[in-house]
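Report on the following structure.
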Amino acid sequence: MHSKQAKWLWAAAIFVYGFLYVPLIIVVAYSFNDSKLNAEWVGFTFKWYALLMNNEQMLVAARNSLLIALVSSFFATVLGTLAGLAMHKYKLRLLPVLVLTPIAIPEILMGVALLIFFVMLNLTLGLLSVTLAHIAFCIGFVAIVVRSRLQGMDDSLVEAARDLGATPVQAFRLVTMPLIMPGIIAGALMAFTLSIDDFVITFFTAGAGASTLPLQIYSMIRIAVTPEVNAISTLLMLLTLGLILLASKVAPSAIRAS
C-alpha cells in the first residue's frame, strides 16, 4: 500500500514539475534556434543574442529596469528593515496589517490603486512613478525576511550591550545589524528580483513614455513569439534565478519563512 502511494506521489510530482518547467526549457532551447519561427528546430545559433545587443529599444528598456530595480530595492530595503524591526519590537496589531497588505492584495488591485493615487497627486507617470510603486510593493517582502531573522536572534545580546553602556544606536549598529545582515541582504536581493521582472504594477504606473523589460517583451509577443523574445526571456530568467539562489545561500531560513 505504501509503495503504491509513493508511486502515485512521484507521478504527481513529476507531472506538476514537468508542467511548470518544461515550457521554460522549451523557451531556453528555442532561443538558440536558427529560425524566425518557433514551429520547428532548424539549427543552433547565437545570433538572436547578438541581435539583442544591437536592439536600441531593448537596451533602453533593460537600462530602465536595472535603474528602477536598484533604486527601489535600496529604499525598500531601508524601509523594510525598519518595518521589520518595528514589527519585532512593538507588538501592534495594526502595524503588520499596514506593512503586509501590499503583499496580500492582488497585484492588479495594487496597480489600479497606485495609478489612482498618482493621478490624484498630479504626478506624471514615468520612471519615477514606477519606482515609487515598486518601493511600496517590495517593502513588505523585505520586512518579512528581516522579521524572520530577528525572531532567531537572542535579544539578550542587545540587552547585554546596553548594560555595558552602549547607546540604542550603538547597540543596533554593533550588535543587531551584523546579526540580521544576512536577512537584510536576502531581502534586498528579493526586492531587486521582484522589481526587475514585475509587469502588472509597472503596466499601470509606467505611462506612455517609460519602458521596462517586461513591458518591452509584452509589446513584442503581441505580434509573435520570436527567438529574440526567447533570448531576452532566457537572460531575464537566468538573472532572476541567480538572485534567488544567491538570496537562499545568504539567508536560507529567512527565505523559507517568507
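Brief remarks on what is shown
- Taken over region 1-42, the criterion of being outside any helix (DSSP H, G or I), among the polar types (S, T, N, Q) and either under 17 Å from residue 238 (Cα atoms) or open to solvent by 70 Å² or more (accessible area, probe 1.4 Å) (or both) is satisfied by 31 alone.
- Residue within region 181-204 that is part of a loop (DSSP other than H, G, I, E, B), more than 19 Å from residue 71 (Cα to Cα) and open to solvent by 20 Å² or more (accessible area, probe 1.4 Å) present: no
- Filter pass, residue 76 being in contact with a Cys (Cβ under 9 Å, 6 or more places away or on another chain) and either under 30 Å from residue 208 (Cα atoms) or open to solvent by 40 Å² or more (accessible area, probe 1.4 Å) (or both): yes
- Residues of region 205-218 satisfying the condition of being part of a helix (DSSP H, G or I) and either open to solvent by 50 Å² or more (accessible area, probe 1.4 Å) or closer than 11 Å to residue 126 by Cβ (or both): 205, 218
- Sub-6 Å Cβ pairs linking a first residue in region 133-158 that is more than 24 Å from residue 249 (Cβ to Cβ) and among the aromatic types (Phe, Trp, Tyr) to a second residue that is at pLDDT 85 or above and buried (at least 24 other Cβ atoms within 10 Å of the Cβ), at least 6 apart or interchain, are 137/201, ordered by first then second residue.
- Within region 124-177, if we keep just the residues that are open to solvent by less than 50 Å² (accessible area, probe 1.4 Å) and part of a loop (DSSP other than H, G, I, E, B), the residue that is modelled with the lowest pLDDT turns out to be 153.
- Residue, least open to solvent (accessible area, probe 1.4 Å), within region 94-107, restricted to residues that are among the aliphatic types (A, V, I, L, M) and closer than 23 Å to residue 70 by Cα: 99
- Across region 188-220, the qualifying residues are those that are of a type in the set (Ser, Thr, Tyr) and touching a residue at least 12 places away in the same chain (Cβ under 8 Å), and the one among them that is farthest from residue 140 (Cα to Cα) is 218.
- Residue within region 203-213 that is of a type outside the set (Ser, Thr, Tyr), at pLDDT below 85 and more than 24 Å from residue 128 (Cβ to Cβ) present: no
- Lone unmet requirement of (1) open to solvent by 20 Å² or more (accessible area, probe 1.4 Å); (2) at pLDDT 90 or above for residue 118: (1)
The values are calculated or read from the model by the stated rules, or taken from the named source; none is laboratory data. Just so it is clear, the structure is predicted and the values come from calculations on it, not from any experiment. Quick reminder, even Gly has a Cβ in these numbers, built from the backbone with ideal geometry, and neighbours come from all protein chains shown. Just the protein is used for accessible areas: all its heavy atoms, side chains included, with ligands, DNA and RNA removed. Shrake-Rupley method; radii C 1.70, N 1.55, O 1.52, S 1.80 Å.
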